[in-house]
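Take a look at the structure set out below.
The values are calculated or read from the model by the stated rules, or taken from the named source; none is laboratory data. Treat the numbers as computed from the prediction; the structure is a model and nothing was measured. Note that each Cβ is placed from the backbone with ideal geometry, even for glycine, and that neighbours are counted across all protein chains shown. Ligands, DNA and RNA are stripped out before the accessible areas are found, and what is left, the full protein with its side chains, is counted by its heavy atoms. Shrake-Rupley method; radii C 1.70, N 1.55, O 1.52, S 1.80 Å.
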Amino acid sequence: MPDPDAGPARCRPWPTRRLPPGVAMTGLLEINELCVRVPRPGALWQRLGGRNPPPLEILCGVTLDLAAGETLALVGESGSGKTTLARAIMGLQPFCAGSIRFEQAVLTGRGRRRWHRLRRRAAMIFQDAVASLSPRLTVGRLVTEPLSIHGRPMGDRAAEAGRLLSMVGLSPDMAGRYPRELSGGQARRVTVARALAMEPRLVIADEPTAGLDVSVQAEILNLMTGLQRDLGVAYLLITHNLAVVRHVSHRMAVLYLGHLVEVGATAAVTARPRHPYTAALLASEPSIDPARRPAGPALDGEVPSLFDRPPGCAFHTRCRRATDLCRTLQPQFLPVDTGHVVACHHPLD
Amino acid sequence: MGVALLSIGIAVVAGTLIGLVAGYGPRWLGMLLLLVLDTISSLPMIMFALAVLTLLGPGLWTLVGTIAFFTIPGYARLVRAQTLALRDSPFIQAERSMGAGFPRILFIHLLPNVIGPLLVVMTMDIPVVIGLEAGLSFLGIGIQPPTPSWGSMLNDGFVFIRNTPLLVVFSGLPIVLATLSFTFLGEALRERLDPATRRG
Amino acid sequence: MADNVLDIGDLHVSYATDRGPLRVLRGVGLTVATGGITGIVGESGCGKSTLIAAILGLLPGNAEIGGGSIRLDGQELLGLDEAGMRLLRGNGLALISQNPMAAFNPVLTIGRQLTDIQYRHAIPTALKRQRIVDMFVRVGIVDPERRLAAYPGQLSGGMLQRVAIAAALLTRPRLLIADEPTTALDVTLEAQILALLRAQHGTTILFISHHLGAVATLCDQVAVMYAGTVVETGPVAKVFADPRHPYTRRLIAADPGHLAIGGGLLPTIPGRVPDLTQPPSGCVFAPPAAWRWRGDAGP
Amino acid sequence: MTGFLIRRLFLALGVVLGATVAIFLLVYAIPGDPVTVALGPRATAEMRAHYRVLMGLEQPLPVQLWRFLTRVAQGDLGTDIWSGLPVTTILWDALPHTVALACAGLGTALFLGIALGCVGAAAKGSLADHVIGVLSVSFIALPPFLVAIYSLLIFAVTLNWFPAIGAGEAGNLGARLHALVLPAFAVGLGWVGYIARIVRSSLIEVMREKYMETARAFGLPPGMILSRYALRLALVPVISIVGVGFGSLLSGSVFAEIIFARPGIGRVVYDAVLARNYPVVSGAVVVTAGLYALAMLVTDLVTGLLDHRTHAAL
């Protein structure tokens, strides 16, 4: 147990306890105690005096693993660090502590060659599909872009593009189009095709259905599940849509202000959330059944600013169960069930 | 007119390179280049051009070099701003996540998106530089006689402005026509390019 | 008719395009009962935004109203001139827009903008500011006095949406139009905003959303729009429990929210929304012949 | 805000310093012996040696540069080779004429440009908009010195409405203003077109923003919407252009000053260049660079007032 008087633990590594591997058969991706901090430039006189304010803690000691062929959903409100985690895994965001192990190769902050390898074996789908497509390239060129980056021989570029496009349910005729001529759903499919071009083991999908109509959302989700079944790719699915999480993910991890608060099998977590935040998140989701209207919002207030991170348990400012202990001491991760861990001093029953 | 095209061509190439480096390179280099560019644009162009041309002696290449030197900052700043706006955009992030290298990102993904607005500004600049060149010749420090120049013709006429005003009017007309036609050419080009760049 | 604040009958609106008129609204009929909350659901391109613009008289220049009527408390709005319309906006009609971040002018303070919308009232500025503070308290904004001096960029999205609601309520609207007010927000904030809107008893609200859960949570009545027409309308409980129109049925089925346990594939809506430059005659939903889907016999 | 100001101030100082070094190096790099250039080929060896020591030319480059910079920092720009007057005095006499010309030109340009831009944006797509568009483009394209010559020809020589040359009698404000009209017109015309275009496009862009729709949805009066909600933001790019423009306006005034024979800095530099009077040239460059830096600083302050978000940008 850390000393309760130590004050707010700023990015102190979490007590090292590996997560129970859950459904993991072969670890594809292991994230260990990952911390991301960004320096906060102070005022001029502060900089001259060499007294910069403490850096912003975006992610604090995140430990997660992902098995081949499974879907892990990462949920949390905006500002919880979901996208930062995804970017860190892809080597787009430097991290200050911790490690990422992908297919047994350890990746730290430096070393371009290793990231290069990861980028060949893993792919990311960005939140804004149209904006993530280079606007001056044709769709055919875009989907084959990873192949040419990694110098993968492809007999006929057009044929390869056609194959990738038809894999995601688009007509090969689309190859000549430009990103701005695509609809939201089509652009999304193109990004999926591009992500699958190198036959990756892992696809990180950042809000893959944000801004899409329900029917298109259903098509994209079906596409992703189908491809997982056929190709065995693992997904790290980042979303704030709990209905989607429940529908497509095997396990879920809940992030709050850069801390993981609960990890477990989706069915277990949604049926019986143990962290008050997870419970509130689940209760906030408007039900499609008018008969089950909530009496009031399950959670008051908003996520605190990163500039003003609360000491102790980051969630205590909004938690109805918070005690003095929560206000001073960061909770540790504790297993509550097989493959189900929670970081809370007073977990729900 | 050859002077104008030549100097703008040089300025565009140099400005693009500097702008790309300033926008995509390390932060300190960007700031340093920005300071240098600001300094150049803070130098009063015509006065400086006057000084340079008299000191180095008037000549075609001195003229071209001076004009190019002073038009570089405009292009470099434009390219830098565009690059800065694009460097954190999702599609560049996506390229990086696929493992694309620096030259690939720079030349295949950034440059084509920067070149549209650059062309537009370029065509708008040609008439300005034509005017400038004529102006310098008018002051007697551009292209030297006996090479004929619209500006020096004007200067010959200006001496007699009160007696034969028509001389001035007519020797000024080609300049007006040239600058105007280039401008409207540029406008037409802009109208063709702009919707595409906007949507893209 | 007096118990309906809004009464839209057979409204036709089309946009002039290069390919001929795009008929976005084709005979929309809709009523909003006094003091009630009516929801409109539909996917993008179904004409929701055009409908709002038509009610507010803010249709773009290339739009043409082809017929029908929009009555606010019995007063016909179509044919009203710009001055008459402006008298109604911010007086009888108020709008909460989709993206709270974009809804406020970024370079003016919140206090300034909320004072400006009370320009009709000939009361001292201090009193106007007091009214804003009172309203901020009512919509649950903590530290209301300080928020007056803040610029929109300094507030969070959830806070700004509360400010937007306060702004709308300040005008004591007869009809409050909420255009996807929770789309840009997190679930927890969405729940808070829905609860807040629910708590404004007596305010008539027209709530537009593509989120079925939000409509189910908030509204009394619902109208389902597809391709420029209202395909089904009725009390929320009835429509969601027992949808009669095939489109409504598929829309609800495609929403993963209705499935308690995940896995498998989601039902989708095959085919495309018809091209509204050449709308089909008869039922708009009929044309895709490929409607057959999982043994469903169709309409 | 304070931090922003200080940073901008440092940048302005850096720019002036850079300009000073640049002009120094340029003079240093003159082909041929500066002494010969200054004194002419007939000077005796003794005179040259004396002058060389006087100017500190026997010192190594960094020492000379340092001396030059310290002198400039103390406000000493050297001595006119021909008249023997301090360069500062000469420039100080010429400065008001140039500043007045630049301000008048810019003022006209701003007034006309904003008005035309507003009309263009309000009546988008109409005949008036097209006419304004074509006019603006033509204004930009016309070289300022031609505008000066033609306006001189039309309004001074032919119509005789305005004086053709000079800056007006000293002390007579009316005469001074009268003499300022044509040069200001010549200097500012190109900027009218430029500003009109920017105002038009940025107004149209701002009008499309979501918050403008909100303002309309609340029934705010159109006048208030235009002035308080739209123009304020639409003017931000205009102001930053004007800051850059002030510099080119200053140097653009060279032509106007020569053609209208006004005793401004441009005229002084032109004469000094022809006479190879280097101290005056370099002094003028330093002063104009200072004015430019000042204009940029003011611009940044004004944009900061109009849009508080710009503080964070630098």
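Could you calculate, for region C:167-227, the ratio of the Cα radius of gyration to the Kirkwood radius, expressed as Rg to Rh?
Using Cα coordinates only, the ratio equals 0.95.
Would you give the gap between the C-alpha center of region C:91-105 and the C-alpha center of region C:36-77, rounded to a whole Å?
16 Å
In the neighborhood of B:GLY74, defined by Cβ-to-Cβ distances under 15 Å, what is the net charge if each Lys or Arg adds +1 and each Asp or Glu adds -1?
0
May I ask you to derive the relative contact order of chain D, considering only C-alpha pairs under 8 Å and at least 6 residues apart, and to give it as an integer percent?
27 percent
Count the lysine pairs in the protein assembly as shown whose Cα atoms lie under 25 Å apart, taking only pairs 8 or more positions apart in sequence or on different chains.
So the count works out to 4.
Set the Förster radius R0 to 60 Å, insert the Cβ-Cβ distance between D:GLU46 and B:PHE170 as r into 1/(1 + (r/R0)^6), and round the FRET efficiency to 0.05.
Approximately 0.65, to the nearest 0.05.
Summarise the accessible area of the protein assembly as shown (1.4 Å probe, protein heavy atoms) by the percent that is carbon and sulfur.
Roughly 61 percent of what the probe reaches on the protein assembly as shown is carbon or sulfur.
Kyte-Doolittle cut-off -0.5, length cut-off 20 Å along the helix's own axis using Cα: show which whole DSSP H helices in chain D pass.
Those that clear 20 Å and a mean of -0.5 are D:2-28, D:87-122, D:127-141, D:173-207, D:232-259, D:278-306.
How high is the FRET efficiency from A:GLU199 to C:ARG138, r the C-beta distance, R0 60 Å, rounded to 0.05?
Computed FRET efficiency for A:GLU199 and C:ARG138 comes out at 0.60.
Please report the buried accessible area for the interface of A with B, total over both chains, probe 1.4 Å, in Å² to the nearest 100.
Chain pair A/B: roughly 2000 Å² of buried accessible area.
Could you bin all the Cα-Cα distances of chain D into 10 Å bins starting at 0 and give me the percent of pairs in each, rounded to whole numbers?
6, 21, 26, 23, 15, 6, 2, 1, 0
Taking amide hydrogens as modeled 1.01 Å from N in the peptide plane, which residues meet the under 5 Å criterion relative to C:VAL24, leaving out close sequence neighbours?
C:VAL13, C:SER14, C:TYR15
What does the convex hull of the Cα atoms come to per residue for chain C, in Å³?
About 154 Å³ per residue, rounded to a whole number.
If you take the accessible area of B alone, add that of D alone, and subtract the area of the pair, what total do you get in Å², probe 1.4 Å, to the nearest 100?
4000 Å²
At 1.4 Å probe size, what's the solvent-accessible area of D:THR70? Round to the nearest 10 Å².
The value for D:THR70 is about 40 Å².
Modelled label-to-label distance, D:SER126 and D:ILE241, 7 Å Cα→beta-carbon offset: nm?
About 2.2 nm separates the two model spin labels.
Taking the Cα-to-Cβ direction at D:LEU69 and at A:ARG320 and moving 7 Å from each Cα, how far apart do the two end points lie in nm?
6.8 nm
What net charge is computed for the residues neighbouring D:VAL268, neighbours being all others with C-beta under 11 Å from the C-beta of D:VAL268, Lys and Arg scored +1, Asp and Glu -1?
It works out to a net charge of -2.
At what distance in angstrom do the alpha carbon centres of region C:179-217 and region A:125-182 lie from each other?
Value for the Cα centre distance between the two parts: 39 Å.
Tell me the per residue accessible area of the protein assembly as shown using a 1.4 Å probe; a whole number in Å² is fine.
Counting only protein heavy atoms, the per-residue value for the protein assembly as shown is 42 Å².
Convert 4 °C to kelvin, take the viscosity as 1.567 mPa s, use the Kirkwood radius over C-alpha pairs of region C:57-138 as Rh, and evaluate the Stokes-Einstein diffusion coefficient in µm²/s, rounded to a whole number.
The Stokes-Einstein estimate is 84 µm²/s.
With all protein chains present, calculate the accessible area of D:LYS210 using a 1.4 Å probe and round the result to the nearest 10 Å².
Using a 1.4 Å probe on the heavy atoms, I get roughly 70 Å².
Working from the pairwise distances between different alpha carbons, so that the mean of 1/r is found and then inverted, what is the protein assembly as shown's Kirkwood radius in Å?
34.0 Å
Report, as an integer, the average count of C-beta atoms from other chains found within 10 Å of each Cβ along D:144-154.
Whole-number average of other-chain Cβ neighbours for D:144-154 is 6.
Under a point spin-label approximation (7 Å from Cα along Cα-to-Cβ), what is the A:ASP156-A:ARG114 distance to one decimal in nm?
Distance between label points: 4.2 nm.
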